[in-house]
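Just below is one structure, and these are the notes that go with it.
The values are calculated or read from the model by the stated rules, or taken from the named source; none is laboratory data. Values in this document were obtained by computation on a predicted structure and should not be read as measured data. Cβ sites come from the backbone with ideal geometry, for glycine too, and all protein chains shown count toward neighbours. Ligands, DNA and RNA are stripped out before the accessible areas are found, and what is left, the full protein with its side chains, is counted by its heavy atoms. Shrake-Rupley method; radii C 1.70, N 1.55, O 1.52, S 1.80 Å.
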Amino acid sequence: MLFNSLQYLVFLPTVFLLFWLVPHRLRVPLLLVASYVFYMSWRPIYGLLIFGLTLGNFLLVPLIAKAQETKQKKIWLGVVVAANLITLGIFKYAYFGMGCVKSGLNLFGVDWHEPHLHIILPLGISFFVFEFIHYAVEVYRGKPLVAKFMDFALFASFFPTQIAGPIKRYMDFIPQLDIPAKFKWEYIDEGMQLILVGLCKKVLVADNLALVVQAGFSHPEKFGSLDLWLITYAFAFQIFFDFAGYTDIARGSALLFGYKVPINFNLPYLAANVADFWHRWHISLSTWLRDYLFIPLGGSRGGKWLTNRNLFITMALGGLWHGAASHYLAWGVYQGVVLILHREYVELLKRVGVYEKLVASKLYHVFSVVCTFHIVCVGWVFFRAETETSAMQIITKLLQAPVDLLHFTTSQLSILQIRDPIIFPSVILIVPVLMISQVVVNWLSDKKIYKNPPWAIQVGMMVAMMCLLTIFSPDTSPRFIYFQF
Amino acid sequence: MTHLLKTKFALAVIVFSLLSVLVGASKAFQFEPSRFPFLSWTGWTIKSFLESPERSNVLFLGSSLVLVPLDGVDADFLGRKIDGSQHHNSCYFESKFKEATGLDIKSFTFALPGEMPSDAYLVVNNLLTQNKKPDVIVYGVGPRDFLDNLLPSPSATDPYRFLSRFGNLDPVASRMMPDWMDRLNYELGKLFYVYGQRSDLADWATGKSVGLVNSLLPLPQDKQAVSFDDRRLLAPEYRPCEVLAGQALFRPSTPKEWANFSDNLAEYKKRYGKLKWDTYLTQLGFFADTLEIARSKGIRVVVVMMPITDINRALLSDFNWNLYCKSVSTMARRKGASVINLSETDYFQRSDFMDTVHLHSLGGRKWLDVVVASMSGNHKVLSALKNTQTAGGAARIAKQGGETQL
């Protein structure tokens, strides 16, 4: 079931009404049933997968807590993490793994015909597997167990966050289930505002940009370097508005039940460096990677080379987490490399003694934001391109941009030649507007009028969003990008 | 109610509903059903049908099984390329029919790619008004029209998208939209004018923004806008069924082309698959309703059970095949239509087909000859045509100064 579907338009109000009508003790079971209905509306059989993993983790993780010796605890933790990763591996990486083996064997002249396993990637598996691993590790570190199976099952399957996060922490989520919350009208206002904003981000911005992005990344040969920069910017905003839109809808839906789930984005394109970007982009994933991969690998405790190694491994695996394809791995590797380069650059500035001065300079801050945005955009090319060859082809063209800018005329922009659909030339206007919107939102973020606007503005905004969504919603909207992960 | 007003969201919903009512009442936002955002094969056909000043005497209905041979034969007959999106009559049929009966008739082809009986129903019910109705409908059907497994619902076809804009769907809504989401979509469209007219409103808003974008970002003077083919390559999901004039061409065939046979059995294996009773019964129901409405409008119907190849026929179980043949012929006769059964004859050979179901132009000529022979020997058909020929002919003679001959 998609958030941007009529099914959800019926499902969410139904669950919402039932939730507030039934007594508190029935609310968790109700949400659990609803979450399984939500999940199984896609492929009923995969309901068994999430249930099996939930039951397995619920039964195995207490063994970590019960083990007396650290060695035993480690063994049980290893068993739980391995069970989760093997499941993820089978469903997500089996074809990729076999493809790698086949390519390897081909190098030795062996022609191996890999079996066709008929595996379809279960929606959201990467997200709930990460939540299970987080639970196991936290229990290993001494945090309490979840006592009730129902609570634990709902933690893993909670429908607003089930498919594409945010990746929750059980210590934040489970205690909310025990609070016998009373209904508040604010839940509807805040929740529905978030949902409407999320839908607008997805349907009005991301889905429209998708048309241009698809054209550019499928046929880069048809576009010049400046077009490809525009298209890359367009993808940067498409993926942001798509995923941030999803997260808003997820948070809004959860809020209707009085639950809070973590934020995932904090104006990422205003980051002043790559490390800052990862503090603002897909926050629930980056903090997960920090807590359960980077730190267990040794974090930054082992000196420069080990820190860089850990960063590299973390980001490369983070890339692979997004998808079983080499271009995702390439994106992860790129992120690892630029993070390492950033660390080295900061150290160099500190050694030279100009770091503090530069960081305090507004001009340098603007320059850093622009640079970081472009570094991130180059990374998005690896992420979005269908193959690394295609990515390299696009990046080669992107590098020609300075030359093309020297003798710029509008004739260089192939995008202007596509007059129908009008979104193609409009991208030239839309991209700067989206860039400026980030700055404006940042400026407004601490203003009272933004944080708590007058009711008339709130109502007006909601009506405007309803009208726009009603008119411009396509009959079939593409799936959220992060559903594939 | 007072509780509801405590929430800004409820207030927003109320304002939105009021706005929707206002927009619905405003004349500025009343859209003509024939004002299509873009034209598919169906759109072109409807446009041509509505714009045609003359009423046609014979109207062809059916899927590509009818359309392909009609246009293919005309390309040969006229010795030139035929643009399928613009050419909506059968010159060969008109000529042969005149040869056989002496009647000077006009035909119109409302056969559309993928047309189902539910679409034919919409044509007959919504478009064949008093001044547009033909005297005779020639309706070609094949097993696919009733047994298509690939069709999710009657409302999933391209013809439906265009034809449903004309007339009220309420009486057939449950059959047209068996899926509850389609139905909900439809009901929401009725409830909120803005939602029901969203494609027109979006088109209107886009039209307004096009002017602005064109003035701010004009096409560079030394460049041309990309071709339709390039646009289709770059944005395949944008208006997937759109057809431009001059793009769906039928060329005069050569004997070499007649010998070409393309195997589309794999596609039909999927289409026939397991009998979907709901599809079958729904489409049979629409078939019956189409014939009934045509009868009530005084239109004579000739149902042609189209020939298909033996290998395509072999994909259907005997039960399914008999079910199709018997139900179509029984239903047609019960509704007072004439039947030309070409599906159970060996008159057509595999060499008459371009693939396992579509007749090529030579096979199409053979098919039209049979149809003409049968119709010209059918006194009910002739009487329906002669009656209006006399009345219509007299009017035309008066209009054209007596030059038109009967």
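Does A:Asp178 count as outside the structural domain of A:Gln393 (by TED's automatic domain parsing) and over 24 Å from the mean Cα position of the chain (by Cα)? It is true that A:Asp178 is outside the structural domain of A:Gln393 (by TED's automatic domain parsing) and over 24 Å from the mean Cα position of the chain (by Cα).
Evaluated against (1) within 14 Å of chain B (Cβ to nearest Cβ); (2) open to solvent by 20 Å² or more (accessible area, probe 1.4 Å); (3) within 30 Å of A:Thr410 (Cβ to Cβ), A:Pro220 falls short on exactly one condition, (2).
The set of residues in the range B:188-197 that are within 9 Å of another protein chain (Cβ to nearest Cβ) and either aliphatic (A, V, I, L, M) or assigned to a helix (DSSP H, G or I) (or both) comprises B:Leu188, B:Val194, B:Tyr195.
The residues of the range A:385-412 that are free of Cβ contacts under 8 Å to residues at least 24 places away in the same chain, part of a helix (DSSP H, G or I) and either among the hydroxyl-bearing types (Ser, Thr, Tyr) or under 12 Å from A:Ala330 (Cβ atoms) (or both), listed by number, are A:Thr389, A:Met392, A:Ile395, A:Thr396, A:Thr410, A:Ser411.
Looking at A:Leu285, A:Leu270, just one residue is under 30 Å from A:Lys362 (Cβ atoms) and in contact with a Phe, Trp or Tyr (Cβ under 9 Å, 6 or more places away or on another chain), and that residue is A:Leu270.
Taking the range A:257-346 as the region of interest, the helices (runs of 4 or more DSSP H) fully inside it that hold 1 or more residues being at pLDDT 95 or above, of a type in the set (D, E, K, R) and open to solvent by 20 Å² or more (accessible area, probe 1.4 Å) are A:274-280, A:303-322. Scanning the range A:163-185 for any residue that is of a type in the set (D, E, K, R), within 28 Å of A:Ile375 (Cβ to Cβ) and either touching a residue at least 40 places away in the same chain (Cβ under 8 Å) or not in a helix (DSSP H, G or I) (or both) turns up nothing. At least 3 residues being modelled with pLDDT of 95 or more, open to solvent by 20 Å² or more (accessible area, probe 1.4 Å) and touching a Pro at 6+ places or on another chain (Cβ under 7 Å) is the threshold, and among the helices (runs of 4 or more DSSP H) wholly inside the range B:307-406 not one reaches it.
Yes/no per residue for (1) within 15 Å of A:Val197 (Cα to Cα); (2) away from chain B (no Cβ under 11 Å); (3) assigned to a helix (DSSP H, G or I); (4) open to solvent by less than 10 Å² (accessible area, probe 1.4 Å):
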{"position": "A:Ala210", "(1), (2), (3), (4)": "no, no, yes, no"}
{"position": "A:Gly216", "(1), (2), (3), (4)": "no, no, yes, yes"}
{"position": "A:Leu226", "(1), (2), (3), (4)": "no, yes, yes, no"}
{"position": "A:Thr232", "(1), (2), (3), (4)": "no, yes, yes, yes"}
{"position": "A:Ala236", "(1), (2), (3), (4)": "no, yes, yes, yes"}
{"position": "A:Phe240", "(1), (2), (3), (4)": "yes, yes, yes, no"}
{"position": "A:Phe243", "(1), (2), (3), (4)": "yes, yes, yes, yes"}
{"position": "A:Thr247", "(1), (2), (3), (4)": "yes, yes, yes, yes"}
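Summed over the range B:87-115, the residues that are acidic (Asp, Glu), surrounded by 17 or more Cβ atoms within 10 Å (Cβ to Cβ) and outside any loop (DSSP other than H, G, I, E, B) give a count of 1.
The residue that is least open to solvent (accessible area, probe 1.4 Å), counting only those in the range B:3-36 that are among the basic types (Lys, Arg) and within 13 Å of chain A (Cβ to nearest Cβ), is B:Lys8. Under the condition of being open to solvent by less than 30 Å² (accessible area, probe 1.4 Å) and outside any strand (DSSP E or B), the residues counted in the range B:127-142 number 6.
B:Glu187 meets the conditions (1) in contact (Cβ under 8 Å) with a residue 24 or more places away in the chain; (2) over 26 Å from B:Ala266 (Cβ atoms); (3) open to solvent by 10 Å² or more (accessible area, probe 1.4 Å) in every case but one. The failed one is (1).
Would the range A:132-154 turn up any residue that is within 21 Å of A:Ala244 (Cα to Cα) and either in a helix (DSSP H, G or I) or open to solvent by less than 10 Å² (accessible area, probe 1.4 Å) (or both)? No.
In the range B:198-218, the qualifying residues are those that are of a type outside the set (Ser, Thr, Tyr) and over 37 Å from the mean Cα position of the chain (by Cα), and the one that is nearest to the other protein chains (Cβ to nearest Cβ) is B:Leu217. Considering A:Leu398, A:Leu469, A:Leu434, the condition of being modelled with pLDDT of 90 or more, within 14 Å of another protein chain (Cβ to nearest Cβ) and open to solvent by less than 70 Å² (accessible area, probe 1.4 Å) is satisfied by A:Leu469 alone. Of the helices (runs of 4 or more DSSP H) lying entirely inside the range B:199-280, those containing at least 2 residues that are open to solvent by less than 60 Å² (accessible area, probe 1.4 Å) are B:228-234, B:265-272.
Only one entry in B:Leu50, B:Leu39 is within 30 Å of B:Val136 (Cβ to Cβ), of a type in the set (A, V, I, L, M) and open to solvent by 40 Å² or more (accessible area, probe 1.4 Å), namely B:Leu50.
Checked against the criteria, A:Val376 counts as of a type in the set (A, V, I, L, M) and surrounded by 14 or more Cβ atoms within 10 Å (Cβ to Cβ).
You will find that of B:Ser153, B:Ser118, the residue that is at negative phi and surrounded by fewer than 24 Cβ atoms within 10 Å (Cβ to Cβ) is B:Ser153 and no other. Exactly one residue out of A:Ile449, A:Ile415 is more than 7 Å from chain B (Cβ to nearest Cβ), in a helix (DSSP H, G or I) and surrounded by fewer than 18 Cβ atoms within 10 Å (Cβ to Cβ): that is A:Ile449.
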